[in-house]
Every structure is written in C-alpha cells, then in structure tokens.
Amino acid sequence: MKKVILITGTRKGIGKELAEYYLSLGCNVIGCSRGPGTIVNSDYRHYELDVSNEKDVVKMVRAAKKEFERIDILLNNAGIASMNHFLTTPYQTVQNIFNTNFFGTFLFSREVSKVMMRQKFGRIVNYTTVASALRLEGEAIYAASKGAIENFTQTISKEVAPYNITVNAIGPTPVETDLIKAVPKDKIADLLDKQAIKRFGTFEDIKNVIDFFIDDKSNFITGQIIYLGGIHN
Amino acid sequence: MKNKIEEIIIEVLIELNEELEKDALNNPTKDTKLYGGSGALDSLALVSLITDLEERISDEFDNDIILADEKAMSQRTSPFRNVESLTIYIQKILEE
C-alpha cells in the first residue's frame, strides 16, 4: 500500500527535497506553503496556506483525508529562523516565528493526529534545532520556539501513544539552505565548531533520521529528540 | 437540522460503543449522558467522539467545524454532558 505523507513547507529547501524523495519512493505526498507549489507530480498535492491559519489547516487535512483516506506520516517541516539580539527583536518578529514554528506544528499535529488515531497508526516528526540545545546567543527567539516544540513533542508522544502514533523530533545542524543564508559566516563557523563532528549537515543526514523515525519497525521509538552532529542538551 | 445532528451523534456513539462496550451506550437517546458526572465516556473516549463527530458533521453540512473550541472548553456547563446539549451546541456552531 502506498504511504501517504503530509509535509509542510514544501516549496523549497529541505521540505521540497523530502517531498521529491518520498515521491520517488512511490508515496503520495501532500504539501503546503504560503506560495504556489513547485513540484509537478501526479502523486503530489499542493495547498497554499499559512500553517498558523487554523481554518485553512483543518480544511487541508480534511481534504487530504477525503482523497487518500489516510495519512500515515506527518513531517512538520515548515519553519522560519531569525537571528537577532533579543533586545533588538521586534515583538511582531517573535509572533511570526512562533506562529509558523510552534503554532503551525501544533495545528498540523492536532488535525493529523485525529486522522491517525482512527487508523490506529501514525508517525509524526517535528523539527527542532541544535540552537535550542546550545542556547545559542542571537537565536533566543528561534531557539525558544523550537524549545517549545521539543517539550510539546515529548508530551504529546504520551497522549497519542495509545493510538499507535509516535512523535519524535530531529534537530538539524546548519544545512546550506535559504534558512541560513543571511547568517554571518563567522557565526556559522562558531556553531560548526561546537559540534562533535564539525561540518554542515546535509539533506542525506536529515533524511536518514526521518527514515528511521517513520520506519514501521520504529514503533517503540517515541518522544525522542535526535540532534545531528553530536550535539546534546 | 437539529434532528439530523442528533441522528449523527447517535450513529457515532453506536459505532464508538462497538469498541467501548459500555452498557449505558447500548441504546443512546437525546438524554444519554456523555462526559462528566455519571457520563459513560472517559477523556480518551471523548476525544474519539469529538474527532469522529467533527468529520461526520463537516461532511454532512459541508462546513469544516472544530468542536473543541474555546467556547466549548470555557462554558460553565459543558456542551459534552449529554446528547441533547451537544446537539444544541453543534447547531449553534453551524449557524454562526
């Protein structure tokens, strides 16, 4: 049976690569982003929405359930980053970051879990960051939004465990995508230096952890946070 | 509309009870107690009822409703206490 995967933030970066990867494995992929989709494939559906818009998220998940009858996997990939000293961070920026990163993860987790609990199977993968574990200066708000996701991941993993749904999180190191292109080079070099393995993360590294979390055999793995590069809390 | 909503709630309860096997839910009527006090549902069963109902009501009335909204959670008397109160509550949401 074809697996049905919902991935948020599929217009570019890691989300797009993951969507294309799972399509190449023969999965049905449902994606979304604020702009039009960039993937053309008969097994791909795209929804244009803001992940923190409750009505639109509910509508998308119900439409996906109606068409594919199930959703096996949810990757809460959509995210925005911002580097700034907290003293000079506008309140609106904080709201935007929490809207996309935390509220978006909450809404999709809630709505997709409703589908998963009926089918008594589900795999949810949330996204955190090594900046959360490292308490990186300059990333207070971004890391706080991801810290919220970590706690949320571990708590809801208990709440949905009776329905055979697992919830885990991956904490990537910097990967060379749009998300970090505005970050000064020396800051990135400092960060890489804090890792046990001092290099950029790659798409392959992320895919490897996600593949592990979503594997049918990983049904005893839940509430876990895996950071790449040898970072730990 | 009210009769249709009640009908859906009762159908969903009957389906749900195939799993729960509670005597109190064998023949649900508008007076059947659901959650809180002597209600037949525990919190996990209530979650199942809410999610099943959201889907069925949304399909039937072509309206993507969310039952566990702020108003439901803050009302002094819970709309989830019995079939009748839930029916009235859903009708109110649909008419908004």
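General observations
- Counting only aspartates and glutamates at least 8 places from A:LYS16 when in the same chain, those with an alpha carbon closer than 13 Å to its own are A:ASP178.
- Residues of type aspartates and glutamates that A:LYS198 reaches as a straight line, Cα spacing below 15 Å, ignoring anything fewer than 8 places off in the same chain: A:GLU176, A:ASP186, A:ASP190
- Accessible area, probe 1.4 Å, largest first, for residues B:LEU49, B:LEU94: B:LEU94, B:LEU49
- Note on the protein assembly as shown: antiparallel DSSP beta bridges, both residues inside, total approximately 5 percent of the bridges counted.
- Dimensions of the stretch A:1-129 from C-alpha coordinates, computed as largest minus smallest value along each principal axis and given longest first, are 52, 29, 24 Å.
- Interface residues of the stretch B:39-55, defined as those with an accessible-area decrease of at least 50 Å² between the chain by itself and the complete set of protein chains (probe 1.4 Å), are B:LEU44, B:THR51, B:GLU55.
- Accessible area in the full protein assembly, largest first, 1.4 Å probe, for A:MET116, A:MET1: A:MET1, A:MET116
- Degrees separating the helix B:83-95 axis from the principal Cα axis of chain B, which is the longest one: 20 degrees
- Taking all protein chains together and a 1.4 Å probe, the residues A:ASP72, A:ASP56 rank A:ASP56, A:ASP72 from largest to smallest accessible area.
- Axis of helix B:43-61 versus longest Cα principal axis of chain B: the two differ by about 40°, to the nearest ten degrees.
- Relative contact order (%) - the stretch A:64-201, alpha-carbon pairs under 8 angstrom, separation at least six: 27 percent
- Cross-link table A:LYS146/A:LYS187; A:LYS158/B:LYS30; A:LYS217/B:LYS22, entries beyond 29 Å C-alpha to C-alpha: A:LYS158/B:LYS30; A:LYS217/B:LYS22
- Only protein heavy atoms count here; under a 1.4 Å probe, B:LYS30 has an accessible surface of about 80 Å².
- The mean sequence distance of close C-alpha pairs (under 8 Å, at least 6 residues apart), as a share of the length of chain A, puts its relative contact order at 18 percent.
- Total charge dipole magnitude, the stretch A:160-233, about the Cα centre, Cβ charges on Lys, Arg, Asp, Glu only, Debye to nearest 20: 200 debye
- In this view, the solvent-accessible surface of B:SER43, computed with a 1.4 Å probe and all protein chains in place, comes to about 70 Å².
- Taken about its Cα centre, chain A carries a charge dipole of about 540 debye when Lys and Arg each add +1 at the Cβ and Asp and Glu each add -1 at the Cβ.
- Value at 222 nm in deg cm²/dmol, rounded to 500, when DSSP H runs of n ≥ 4 in chain A each add -39,500 (n - 2.57): -13500 deg cm²/dmol
- Set the Cα radius of gyration of the protein assembly as shown against 2.2 N^0.38 Å, with N its number of residues, and you get 1.08.
The values are calculated or read from the model by the stated rules, or taken from the named source; none is laboratory data. Please read these numbers as outputs of a predicted model, since none were measured by experiment. FYI the Cβ positions are ideal-geometry reconstructions off the backbone, even for glycines, and counts take in every protein chain you see. For accessibility, only protein heavy atoms count, side chains too; no ligands or nucleic acids. Shrake-Rupley method; radii C 1.70, N 1.55, O 1.52, S 1.80 Å.
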